[in-house]
Amino acid sequence: GAVVSQHPSRVICKSGTSVKIECRSLDFQATTMFWYRQFPKQSLMLMATSNEGSKATYEQGVEKDKFLINHASLTLSTLTVTSAHPEDSSFYICSATRTGVRSYNSPLHFGNGTRLTVT
Amino acid sequence: SQQGEEDPQALSIQEGENATMNCSYKTSINNLQWYRQNSGRGLVHLILIRSNEREKHSGRLRVTLDTSKKSSSLLITASRAADTASYFCATEYGNKLVFGAGTILRVKS
């Protein structure tokens, strides 16, 4: 159980286009999902916290107009990279925690990530 | 930065040997978690140790936590080539999970 599906796994796009990444919790409801970004051989950096039915909370330094997050249902959050540029090329990973489970003392469940390459 | 630090950054060992990775963090915590990441993939949760626990075991994994030193260690015993991956510790601040820099483990067969 506790499977998180992320799609697509890999995407190549041209500079200036927008890319949408989906994160779905397959067998549980997730009020809260998290979006991370990871550069090669580096750790995960939290970009934003996605809350079902409300606005996402962005970390300092993350442009909310560039990284649009929508969490329209208890099982789906989307991250849209708008007007992508080569510097946006990275590995994007989502994670989710079960609704109703207190945030501490419970692990996060991660998607398999999306490798974005902007040419 | 709230991120912890891990050492070593990279570790290369022979199959059958033990691997020890260390993690330090900066503020008080509810728990500390260890995750594993295979190259180009998402993270897999390995083990969670609560702040009132000092040691925890799961199969070939042993985690210790020293809250007075704000540090934790992950020991993998009898390593296998399949253990080759990056290992991250993570601590929770508010409802956010913040990851350490990670240790890249390579187990040679």
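When residues in the range A:42-52 are screened for being assigned to a loop (DSSP other than H, G, I, E, B) and at the interface with chain B (Cβ under 7 Å from one of its Cβ atoms), 1 of them pass.
Restricting the search to the range B:25-45, which residues are open to solvent by 40 Å² or more (accessible area, probe 1.4 Å), assigned to a strand (DSSP E or B) and either out of contact with any Lys or Arg (no Cβ under 7 Å at 6 or more places or on another chain) or at pLDDT 95 or above (or both)?
Passing the criteria: B:Arg36, B:His45.
Residues that are more than 25 Å from A:Phe34 (Cβ to Cβ), in contact (Cβ under 8 Å) with a residue 40 or more places away in the chain and aliphatic (A, V, I, L, M) within the range B:66-87 comprise B:Leu75, B:Ile76, B:Ala78, B:Ala81, listed in sequence order.
Among the residues of the range B:72-109, what is the count of those that are open to solvent by 50 Å² or more (accessible area, probe 1.4 Å), small (Gly, Ala, Ser) and within 21 Å of A:Ser95 (Cβ to Cβ)? Result for the range B:72-109: 2.
For the range A:74-95, which positions are touching a Leu at 6+ places or on another chain (Cβ under 8 Å), of a type outside the set (Ser, Thr, Tyr), part of a strand (DSSP E or B) and surrounded by fewer than 22 Cβ atoms within 10 Å (Cβ to Cβ)? Listed by number, the list holds a single entry, A:Phe91.
Taking the range B:85-109 as the range and being at the interface with chain A (Cβ under 10 Å from one of its Cβ atoms), in a strand (DSSP E or B) and among the small types (Gly, Ala, Ser) as the test, the residues that pass are B:Ser86, B:Ala90. Listed by first and then second residue, the pairs with beta-carbon distance under 6 Å, at least 6 apart or on different chains, first residue in the range B:53-65 and farther than 15 Å from B:Thr91 by Cα and open to solvent by 80 Å² or more (accessible area, probe 1.4 Å), second in a strand (DSSP E or B) and of a type in the set (S, T, N, Q), are B:Glu55/B:Thr64. Residues considered: B:Thr20, B:Thr77, B:Thr64. Of these, the only one that is more than 14 Å from chain A (Cβ to nearest Cβ), at pLDDT 95 or above and within 23 Å of A:Gln42 (Cα to Cα) is B:Thr20. Taking the range A:32-73 as the range and being open to solvent by 70 Å² or more (accessible area, probe 1.4 Å) and of a type in the set (Asp, Glu) as the test, the residues that pass are A:Glu63, A:Asp65.
The values are calculated or read from the model by the stated rules, or taken from the named source; none is laboratory data. For clarity, every value in this text was computed on a predicted model and none was experimentally measured. Reconstructed Cβ throughout: ideal geometry from the backbone, glycine too, with neighbour counts over all protein chains shown. Protein only, heavy atoms only, side chains kept; ligands, DNA and RNA dropped before computing areas. Shrake-Rupley method; radii C 1.70, N 1.55, O 1.52, S 1.80 Å.
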